[in-house]
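Below: the structure, in structure tokens.
The values are calculated or read from the model by the stated rules, or taken from the named source; none is laboratory data. Everything quoted here is computed from the prediction, not taken from an experiment. Here the Cβ is made from the backbone with ideal geometry for all residues, glycine too, and neighbour counts use every protein chain on show.
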Amino acid sequence: MAVFGLPRIREDDALRAVRAAHAMQSTLATLNEELEQRWGVRLVNRTGVNTGEVVAGDPTTGQRLVTATRSTSRRASNRLRPASRS
């Protein structure tokens, strides 16, 4: 899981997230060419991008930054996963 906009929000966070997802897919396609030639296997990855506000805190003060982000994203990914199956 990757989170964009923490600790600093940028105007293009959503665009950067989509570009990162696209780069991961492109890199995997290149890797798969080599894997298929050498070992006869391919890796499959489904990538989803979700936007929205995240309640986050400062872990140095005991607030749980990662827990809030993961649980929100996990629920969203569970809802989106069936739509990504091809």
Per the filter on region 25-43, residues surrounded by 12 or more Cβ atoms within 10 Å (Cβ to Cβ), part of a helix (DSSP H, G or I) and over 18 Å from the mean Cα position of the chain (by Cα) are Leu31, Asn32, Leu35, Glu36
Out of the residues in region 49-65 that are modelled with pLDDT under 70 and loosely packed, with under 12 Cβ neighbours inside 10 Å, which is nearest to Ile9 (Cα to Cα)? Val55
If you scan region 6-24, which residues turn out to be within 15 Å of Glu53 (Cα to Cα) and either outside any loop (DSSP other than H, G, I, E, B) or free of Cβ contacts under 8 Å to residues at least 40 places away in the same chain (or both)? Pro7, Arg8, Ile9, Arg10, Glu11, Asp12, Asp13, Ala14, Ala17
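Residue-wise test of (1) more than 18 Å from Ala76 (Cβ to Cβ); (2) touching a Gly at 6+ places or on another chain (Cβ under 6 Å); (3) not charged (D, E, K, R).
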{"residue": "Met1", "(1), (2), (3)": "no, no, yes"}
{"residue": "Arg8", "(1), (2), (3)": "yes, no, no"}
{"residue": "Glu11", "(1), (2), (3)": "yes, no, no"}
{"residue": "Ala20", "(1), (2), (3)": "no, no, yes"}
{"residue": "Ala23", "(1), (2), (3)": "yes, no, yes"}
{"residue": "Ala29", "(1), (2), (3)": "yes, no, yes"}
{"residue": "Glu36", "(1), (2), (3)": "yes, no, no"}
{"residue": "Trp39", "(1), (2), (3)": "yes, no, yes"}
{"residue": "Val44", "(1), (2), (3)": "yes, no, yes"}
Within the group Arg81, Arg46, which residue is part of a helix (DSSP H, G or I), at pLDDT below 90 and under 13 Å from the mean Cα position of the chain (by Cα)? Arg81
Thr27 vs. criteria among the β-branched types (Val, Ile, Thr) and modelled with pLDDT of 80 or more: yes
Among the residues of region 66-77, is there at least one that is within 15 Å of the chain's Cα centre (by Cα), polar (S, T, N, Q) and either modelled with pLDDT of 70 or more or surrounded by fewer than 10 Cβ atoms within 10 Å (Cβ to Cβ) (or both)? no
